[in-house]
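One structure is given below, encoded as structure tokens.
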Amino acid sequence: MRITDVVLLEVSGEFPVEGPFSEERRVDPLDAYPEFSQPFAPHRPEPGERARHRDLFLEIRTDEEVTGLFGPVDGPHAPILRREMRSVLIDCDPLAIEAIWDLLLRRNRHARSGHYMMAMSALDCALWDLKGKALGLPVYRLLGGPVQEPVRAYASMLGFSLEPDALARRAQEYQALGYHAQKWFFRHGPADGGEGASRNVAMVRAAREAVGDGPALMFDAFNSWDVPYAVDVGRRIAEYRPAWLEEPVPCNRIRALRTIRERAGIPIATGEHLYSRWQVKDLLDADAVDVIQADPDWCGGISELLKIASVCSAYDVPLCPHGHSLHAALHVAAALPANVLPQVEFLILHQPHKQRFMRGYLQPEGGVLRPPETPGLGIELDPTKTDTVREIE
Ligand SMILES: [Mg+2]
């Protein structure tokens, strides 16, 4: 079998707008600049309002009518996939995924990180989808699974209101749905001073008081803090037993992460912005983190997430993949032991948008997920949800 084309499909369709997509925003690194730190105003739709959406999907075509599909793919990756990688892949054996990965890594001196590696990730995931379809097996079986069935999901609460009563109501609602853990997102950072820090602490307290002692609670600072701020807030939330403090500073600041971990005395997580096993190993060698969160959509694909899992397992540090999308992470999770990969992230408000053009809907039940049993990843475009599908350059 040979690859004959690498195509980007722009898929669009119109949907009713249901409720505000986000009720609150998270803290952002740009909050350091007041002119870029906008107050959040949720969009409240008019009755009957509809909106047009577009997503990109990557399709790999072959001379045997077997194809591989992956997406949604982020816009900046499109020109890299189409103009840089397509010509390399034509005539390659699509089942030789490791060879293609290594070829692409060696081909560009900047391949090790950023948009190039993210584009490689999309290709890798599409190739695993293709291989599953060619061999008639779901990807988790190609990877050696099932090992854990089902896979635990944690409820990621990005976009929900942080007003204390609303937060408590939502926290209890998702606890009752069977989620063993929840992640909430800080709204404030150093630019908001002592008052903002106290509001962050109050959010953690409200979440813990709402769910009681049992559930794990995680808290995400989205790269927006600094070391003194993270140590201060980290120490003040320690009594509420966070399962982790996520991305207090960017993931390449290894020394800072270790300092925060040591001085705040709470577990630290990072990794959704890490690329490849080598960057993960640097953090683990430094004893800087307690949890790695590499994302198969960005870190180098399914192939690389497996290698990252091996590295993490050698250090006895759990891998909890970030939830940019879900299908790839779920197949990898189902093929690894729960002590190596204990849970995947399910973004409650974002997943309906990630999956809007797909047939079916991956939705946790009782706080757990099962990977699709169809050959490949189980990503299929639903013609009833798309009115236009066109190839783009
Ligand atoms: Mg995060």
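Read-outs throughout are calculated quantities, based only on the coordinates presented, and are distinct from any laboratory measurement. Since we're looking at a predicted model, the values are computed, not measured. Ideal geometry is used to build each Cβ from the backbone, glycine not excepted, and the neighbour counts take in all protein chains shown.
For the reader, a short list of remarks on this structure follows.
- Relative contact order computed over the range 275-365 (Cα-Cα under 8 Å; 6+ residues apart), in percent: 25
- Contact order for the chain, expressed relative to its length and based on alpha carbon pairs under 8 Å spaced 6+ residues apart, stands at 22 percent.
- The alpha-carbon positions of the range 141-369 define a convex hull whose volume is 116 Å³ per residue.
- Label-point separation, Asp387 to Glu10 (7 Å along Cα→Cβ), nm: 1.6
- Evaluated over the chain, the count of Lys pairs having alpha-carbon atoms less than 24 Å apart is 8 (only pairs 8 or more residues apart or interchain).
- Distance between the pseudo-spin-label points of Asp213 and Leu95 (7 Å out from Cα toward the beta carbon): 5.6 nm.
- Label-point separation in nm, Ser310 to Thr374, each point 7 Å along Cα→Cβ: 3.1
- Listed values for the range 294-311 are Karplus-derived 3J(HN,Hα) couplings in whole Hz (6.51 cos²θ - 1.76 cosθ + 1.60, θ = phi - 60°), namely 4, 10, x, 6, 10, 7, x, x, 4, 4, 6, 4, 5, 5, 4, 4, 5, 4, and x replaces Gly and Pro.
- Packing-based ranking, highest mean first, of 169-177, 333-341 given that Cβ atoms within 10 Å are counted: 333-341, 169-177
- Estimated vicinal HN-Hα couplings, Hz - the range 250-261 in sequence order (Karplus 6.51, -1.76, 1.60; Gly, Pro = x): x, 6, 7, 8, 5, 4, 5, 4, 5, 4, 4, 4
- In terms of overall dimensions, the C-alpha atoms belonging to the range 275-393 reach 51, 41, 27 Å along their principal axes, ordered largest to smallest.
- In the chain, the calculated helix contribution to ellipticity at 222 nm averages -10000 deg cm²/dmol per residue, counting -39,500 (n - 2.57) for every DSSP H run with n ≥ 4.
- Sparsely packed loop sites in the range 8-107 (the chymotrypsin sites (Phe, Trp or Tyr not before Pro) outside DSSP H, G, I, E and B with at most 12 other Cβ atoms within 10 Å) comprise Phe40.
- For the chain, the normalised intensity computed at q = 0.12 Å⁻¹ comes to -0.97 (log10 of I(q)/I(0), Debye sum over alpha carbons, equal scatterers, no solvent).
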